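Visitor: Just passing along the structure, written as structure tokens.
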């Protein structure tokens, strides 16, 4: 790396005095514990951001509480049994799975395609990559508003485009059957660049020999892609898919701004439902129960995918 | 994800040019095909911003016209005037700037030493707990934080917002900086030791100056992600302490279907992000890849 040659480190003083000054001695003592001192502030933050939220959420999931001065009331497993018989809860899980499958599936396919494209060398490639990344860098809440305007059935540009190629008038986010695919389009638009970036990094690190061997064997570009590129890339693609899965389950901003779970509850994912219960209706207990489910869902997906990944690494 | 637990040298940086390999110049047909493909890929990414920007300069009549007016409209600044005056914009802008700047600096202050320690001493438990934190849904923080900050009477204050944003900026900083520290050759540390440089001194005087580009990368990305945050600020700010993403969201409720000023608002919010992105393209590409994968 080029930066290694810049700014040469100042030559450190040598400890040559027979009696090191007191400050020096203190530093020596501290030095012995540097591996604990350096990450100490981080550990405090980890406790605050990991142990406290998890512990408190689990605690609240056994309680009924709407804030205020009265302390949380212990209700045992009431929230758990309530969730198991709550149709809205199961509906929200189904909508989450639907949204996540659709959007992550789309962005992995498009992201791999885009990575192959931006791996080619052409003038202005760096700039093109940067422009392609704009959707994931842009402020989600603000971008969501632009999409909301574009989805408008009468003045929206999307319907104009659909109709100009002979399509029907779509209600998009006002149509209970279309709202999740519409949100999946927004999510795909936003996060395909991330899949592209991860796969692009994988492409740059691929060994050259298999490609040369394929060429010697007379494989065409399609054959090379299916038999060489894709198998070599599959661990990287899995990582990209894992990261997108984890984040897609937790999608909040765009759904909150564009539909707020509507029409009715047609786009109310588990995350939105938990937010509504916990922070709109201030049902902290039941909201926390839903958050426990949501967190479990994310962990299960992460573990399954990590296993899958370990298998491809061996293979 | 097992790979993420041990610090890795950044082998694959997308920004770095691959070793020059002789590739024959494609045929004219191939080059046209490539140009078409790049255009098709970039069109949706850029169209949304194009549409936002042009709409922000249109009068309401022109926004509501079908077929849409692409370029043949009389531009107006009314929407910007409306957006900037109807809400205390300067106040919200200051909030966003203060919160993003403080939380990204705090993220660096906490994350850089931790990343060094993880990279140098292979503290896998620490990095594992950070990865676990990465899995937690943001909403799962909101209830505990809301309750805690309410009890402390801190809802709507800068410290509450800044501390909650450290949850965004700190892991990102660690994930990025671990790569940079791991990429320092072992000889650097050996030389420091030979010269009688203490361990903490090595960190401060040698490792930190050598990884300044990494800190710039982490800092820029942390700033952008804090600037973009919506859900923390939605719950933990109120009235005068709102940040811009929440302000534009509330603008919708106050002015339903008044698309022009809303697009103006959205354009102003995104302007600093795009300026930063264009100014630090390479840092953003590297950082986004490391921050997510590693």
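Visitor: For n ≥ 4 DSSP H runs only, could you compute -39500 (n - 2.57) per run for the protein assembly as shown, divide by its residues and tell me the 222 nm figure to the nearest 500?
Guide: Here the helix-only value at 222 nm equals -21500 deg cm²/dmol.
Visitor: Could you give the semi-axes, largest first, of the ellipsoid that matches the range A:170-259, computed as the square roots of 5 times the alpha carbon gyration tensor eigenvalues and rounded to whole Å?
Guide: Its equivalent ellipsoid spans semi-axes of 37, 15, 9 Å.
Visitor: Next up: Report relative contact order for chain B in percent, whole number only (criteria: Cα-Cα under 8 Å, sequence separation at least 6).
Guide: Relative contact order, chain B: 33 percent.
Visitor: Compute the whole-percent fraction of alpha carbon pairs in the range A:128-174 spaced more than 11 Å apart.
Guide: Looking at the range A:128-174, the distances longer than 11 Å represent 70 percent of pairs.
Visitor: What number do you get for the protein assembly as shown when its Cα radius of gyration is normalised by 2.2 N^0.38 Å, N = residues?
Guide: Here the Cα radius of gyration is 1.02 times the empirical estimate.
Visitor: Whole angstrom only: what separates the Cα centroid of the range A:111-163 from the Cα centroid of the range A:181-226?
Guide: Using only Cα atoms to place each centre, the spacing works out to 19 Å.
Visitor: For Cα pairs less than 8 Å apart in space and 6+ apart in sequence, what is the mean separation divided by the residue count of the range B:93-249, i.e. the relative contact order in percent?
Guide: Relative contact order of the range B:93-249: 43 percent.
Visitor: May I have the convex hull volume per residue, in Å³, for the Cα set of the range A:65-204?
Guide: With only Cα atoms used, the range A:65-204 gives 203 Å³ per residue.
Visitor: When averaged across all projection directions, what area in nm² does the alpha-carbon convex hull of the range B:242-287 cover?
Guide: 3.9
Visitor: Now for a separate question. Give me the distance in nm between label points sitting 7 Å out from Cα along the Cα-to-Cβ direction at residue A:69 and residue B:154, one decimal.
Guide: Each label point is offset 7 Å from its Cα along the Cβ direction, giving 2.4 nm.
Visitor: Let me ask something else. Shape of chain B from its Cα gyration tensor (a ≥ b ≥ c, root eigenvalues): rounded if a/c is under 1.5, otherwise prolate when a/b > b/c, or oblate?
Guide: In terms of gyration-tensor shape, oblate.
Visitor: So, one more: First check a/c for the range B:18-151, with a ≥ b ≥ c the square roots of the eigenvalues of its C-alpha gyration tensor; if it is under 1.5, answer rounded, and if not, answer prolate when a/b is larger than b/c or oblate otherwise.
Guide: Oblate shape, in that a/c is at least 1.5 and b/c is the bigger or equal ratio.
Visitor: Viscosity 1.567 mPa s, temperature 4 °C: what is the translational diffusion coefficient of the range B:57-102 from Stokes-Einstein with a Kirkwood Rh over Cα pairs, rounded to a whole number of µm²/s?
Guide: The estimated diffusion coefficient comes to 101 µm²/s.
Visitor: When chain A is treated as a GNM, springs tying every alpha-carbon pair under 10 Å, which of A:85, A:259, A:188 comes out with the largest mean-square fluctuation?
Guide: Maximum among the listed residues: A:85.
Visitor: Right, here's the next one. What FRET efficiency comes out for the pair residue A:310/residue B:77, r = Cβ-Cβ distance, R0 = 51 Å, nearest 0.05?
Guide: 0.35
Visitor: Quick one: compute a quarter of the convex hull surface over the Cα atoms of the range B:144-206 and quote it in nm².
Guide: Orientation-averaged projected area of the Cα hull: 6.1 nm².
Visitor: Top mean-square fluctuation among B:70, B:259, B:227, Gaussian network model of chain B, C-alpha springs under 10 Å?
Guide: B:70
Visitor: At what distance in nm do the modelled label points of residue A:211 and residue A:234 sit from each other, each positioned 7 Å from its Cα along Cα→Cβ?
Guide: In this crude spin-label approximation the distance works out to 2.0 nm.
Visitor: Using only the Cα atoms of the range A:25-100, what semi-axes does the equivalent ellipsoid have when each is the square root of 5 times a gyration tensor eigenvalue? Give whole Å, largest first.
Guide: Equivalent ellipsoid semi-axes, largest first: 43, 20, 9 Å.
Visitor: Please report the orientation-averaged projected area of the range B:79-207, defined via the convex hull of its C-alpha atoms, in nm².
Guide: Projected area, direction-averaged: 11.3 nm².
Visitor: Can you list, largest first and rounded to whole Å, the semi-axes you get for the range B:139-294 by taking the square root of 5 times each eigenvalue of its Cα gyration tensor?
Guide: Each semi-axis is the square root of five times an eigenvalue, giving 38, 21, 11 Å.
Visitor: Give the shape of chain A as rounded, prolate or oblate, defined through the alpha-carbon gyration tensor: a ≥ b ≥ c are the square roots of its eigenvalues, a/c under 1.5 means rounded, and otherwise the shape is prolate if a/b is larger than b/c and oblate if not.
Guide: Judged from the Cα gyration tensor, chain A comes out oblate (a/c at least 1.5, b/c at or above a/b).
Visitor: Running a GNM on chain B with Cα contacts under 10 Å, which residue among B:33, B:156, B:138 ends up with the highest mean-square fluctuation?
Guide: Fluctuation is largest for B:33.
Visitor: So for the range A:156-315, what percent of the C-alpha to C-alpha distances run longer than 18 Å?
Guide: The calculated P(r) of the range A:156-315 puts 71 percent of pairs beyond 18 Å.
Visitor: Something else now. Suppose R0 equals 35 Å; then what is the FRET efficiency for residue B:121 and residue A:296 from their Cβ-Cβ distance, rounded to the nearest 0.05?
Guide: Efficiency, from the Cβ-Cβ distance: 0.60.
Computed from the coordinates by the stated procedures, all read-outs in this text should not be read as laboratory data. Predicted model, so just to flag it, every value in this text is computed and none were measured. Cβ atoms come from the backbone with ideal geometry, glycine included; neighbour counts cover every protein chain shown.
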